[in-house]
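The values are calculated or read from the model by the stated rules, or taken from the named source; none is laboratory data. Keep in mind that what you see is a predicted model, and the values were worked out from it rather than measured. As a convention, Cβ positions derive from the backbone with ideal geometry for all residues, glycine included, and neighbour counts pool all protein chains shown. For the accessible areas, the whole protein counts, side chains as well, though only heavy atoms, and no ligand, DNA or RNA atoms are used. Shrake-Rupley method; radii C 1.70, N 1.55, O 1.52, S 1.80 Å.
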Amino acid sequence: MILFLLCAVPFSADGSYVTLNIAQGDITLSDSGYTQGGVTVPYSGDYLLTGSGMGRVTVTGDIHTVILRNLNMTQANTYGIKLCNDSRVTLTVSGTNTITRGGGDGEAVPIGVEGSASVIIEGETADDRANVLNAIGTSDGKAAIGGPWDQFSCGSITINSGTINARGGGTAVRQRLFSPTRTAATAPTRQLP
């Protein structure tokens, strides 16, 4: 008798991306694939992140397209998503996504973008109300999207579309208002009450 073991493969129906659920633990995306739960899988396509959990996502090197679809991440004392030096990422927002980070020292930012990294954030559809990203930081001096001023310099941030609600903690700038084609360096800022 031959026994076959079928595994649930997390690929989309059309094979255009792999789906990773944050509830299954920390995720690392690299030039050669992804790692989750101690298992490294060779892969060179797009990613869809979903689910609810206390994990974190680290992106290293290369060019990545990452879709956030109804992702809910909450945890203190560490980053939610960190784009390490030299990574170039397009974050596509779909549904309502909330990344809350804060408390304590260190890299407690919702979305960290290191000095030579870059991120483009955009909605999946033309209806910005259907593409929401809430990046909420609660640590003093920590930006919601960018970096903790005392840990690393911030890379390039471009927001093209979607509804982006970014709130840093304490003395950090509480909100940046972006319009298409503006970058973090040129966008006006205003303090929330």
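Data for the structure
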| read-out | value |
| --- | --- |
| Lone qualifier among THR186, THR181 - being surrounded by fewer than 19 Cβ atoms within 10 Å (Cβ to Cβ), on the phi > 0 side of the Ramachandran plot, outside any strand (DSSP E or B) and modelled with pLDDT under 90 | THR181 |
| Neighbours by Cβ (under 7 Å, 6+ apart or cross-chain): first from segment 20-46, within 17 Å of THR65 (Cα to Cα) and of a type in the set (Asp, Glu); second assigned to a loop (DSSP other than H, G, I, E, B) and open to solvent by less than 80 Å² (accessible area, probe 1.4 Å) | ASP31/GLY61; ASP31/ASP62; ASP46/SER16 |
| Single residue of segment 113-158 satisfying the filter (at pLDDT below 95, surrounded by 24 or more Cβ atoms within 10 Å (Cβ to Cβ) and touching a Leu at 6+ places or on another chain (Cβ under 9 Å)) that is farthest from TYR79 (Cα to Cα) | ALA117 |
